[in-house]
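J.: I'd like to ask you about the structure that follows.
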Amino acid sequence: MDKFLIEGGKCLQGEVRISGAKNAALPIIAAALLVKGPLTISNLPALHDVNTMLALIGRMGVSVERKADMQVCIDSSSIDSYSAPYELVKTMRASILVLGPLLAHFGEAEVSLPGGCAIGSRPVDLHIRGLEAMGAKIVVEEGYIRATSDGRLKGATIFFDTVTVTGTENILMAATLAQGQTIIENAAKEPEVTDLAQCLISMGADISGAGTDTIIVNGVAELHSAEHSVVPDRIETGTFLVAAAMSGGKVTTTATRPDIQEAVLQKLIEAGATIESGDDWISLDMQGKRPKAVNITTAPYPAFPTDMQAQFAAMNCVAEGTSHIKETIFENRFMHMQEMIRMGAKILIDGNTASIEGCTQLRGAPVMATDLRASASLVMLALVVQGETLIDRIYHIDRGYENIEEKFQGLGGKITRISPSKAT
Ligand code: UD1
């Protein structure tokens, strides 16, 4: 298993290019199942999760042609299986995103139940109930969701009692080919949902309201070929900006979008950073200062994202003052904090709230990455504290960050990947 060896105490400076968003790329790949004919996707990030999604649809007989860098052309005309097997779904929960498109286009789907994961139980009951409301027959047996539809799905009004990102995306995709109108109430407003909707609209779907909490879809008989460029990754952008802030440095993120980043930028300003931005770039200058601790409560977009909670926890560990972090989306998303404590962080956890007393005496230590964003937060902390840190199980980070070590090296970070296969 690969590890990262990091020598800390560095001030990050320079420019970093942001990749396409993982959480937009995955549903957009699944959307290719809605059309017989090519969907060309560009600005695709080179990530394990993207490869897993492409392998999953490739396994169904779908043609996947990698074109230029960051571009893929997908054609589902040759599909010969409607099944997402356990061995792929267990490595990536977002595989559930093939359920809606398969069912809407081909009238059947078999998707393994994703099961639990490091950050909580994460059920998919809302996806299932939404599709049932559209007329699908669904049984859950032998660890699989088996769904069929007698003819086209039917439009319905679906109210989500919890805001769910992939749940909204599954229903949105299914509704594009349903008969009649679907209204999704209390829909997720995340920019990745809007990006998916824009891709579907360019494929001929009739969708309004994406980006608000009510999405209206008038089903069409078929969709057509299209091209789409994936929205920049706001979580990757935030990760580099927070890393710069905690190091006292100055970093510019390019190929990104400041308009979908407001909650995070506001917190960075509160921490003492000077932020400037243009249409597709954001720069942060900390002028060598130590950041001030900031309080955070995670909530659905446009509020503060749970996927940035661990990174701000890392910043608060070295910041001036005491902060409180409340996690309201996932019940077990503080596992990075136990590792931060190994590096000397002063953290008290009480239920879904963590109190962090910022201090300057943290030191590198051997630690273990537990999930994707937790891994990023440990890398960030290791880069700024004194001493050496060895981070184990970094396969989590490769799922969602493209070339993270090269990008940090470009900013002056001392980070090396240690691969056992290369060492022998
Ligand atoms: C997506 C993101 C993930 C992000 C999360 C919250 C992708 C691929 N992943 O995950 O990075 O952290 O949104 O912004 O886009 N829930 C139910 N029943 C359901 C579905 C969800 O109870 O059927 C609950 C979950 O347990 C959780 C909450 O709803 O407490 C939100 O989860 P959800 O938005 O569905 O997360 P994902 O879409 O899996």
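J.: Give the dimensionless ratio obtained when the Cα radius of gyration of the stretch 4-69 is divided by 2.2 N^0.38 Å.
T.: Values: Rg = 16.2 Å, N = 66, 2.2 N^0.38 = 10.8 Å.
After normalising by residue count via 2.2 N^0.38 Å, the value is 1.50.
J.: Going highest first, how would you order 406-418, 229-241 by mean Cβ packing within 10 Å?
T.: Answer by packing, highest mean first, reads 229-241, 406-418.
J.: What is the packing order of peptides 242-248, 392-398, taking the mean over residues of other C-beta atoms within 10 Å and listing the highest first?
T.: With the highest mean Cβ count within 10 Å placed first, the list reads 242-248, 392-398.
J.: Another question, if that's okay. Using only the alpha-carbon atoms of the stretch 287-413, report the extent along each of the three principal axes, biggest first, to the nearest angstrom.
T.: Per principal axis, max minus min of the Cα coordinates gives 33, 31, 28 Å.
J.: Compute the separation of the alpha-carbon centres of the stretch 363-410 and the stretch 293-333 and state it in Å as a whole number.
T.: Centre-to-centre (Cα) distance: 18 Å.
J.: Say R0 is 22 Å: what FRET efficiency, to the nearest 0.05, do Glu185 and Thr328 get from their beta-carbon distance? Walk me through the numbers before you get to the answer.
T.: Values: r = 20 Å, r/R0 = 0.92.
The formula returns an efficiency of 0.60 here.
J.: Sticking with the crude label model, points 7 Å out along Cα→Cβ, report the distance from Lys67 to Gln386 in nm, one decimal please.
T.: For the pair Lys67/Gln386, the computed spacing is 5.4 nm.
J.: Rounded to a whole number, what is D in µm²/s for the chain from Stokes-Einstein with the Kirkwood radius over alpha-carbon pairs (4 °C, 1.567 mPa s)?
T.: Numbers: Rh = 22.0 Å.
Taking Rh from Cα pairs, D becomes 59 µm²/s.
J.: Return an integer: the convex hull volume of the alpha-carbon atoms of the stretch 123-249, in Å³ per residue. List each step's numbers first, then the result.
T.: Numbers: hull volume 17.3 nm³, N = 127.
Taking only Cα atoms, the stretch 123-249 has a hull volume of 136 Å³ per residue.
Values in this text are rule-based calculations from the coordinates and carry no lab data. In this text, all values refer to a predicted model and were calculated from it rather than measured experimentally. Glycine also receives a Cβ, built like all others from the backbone with ideal geometry; neighbour counts cover every protein chain displayed.
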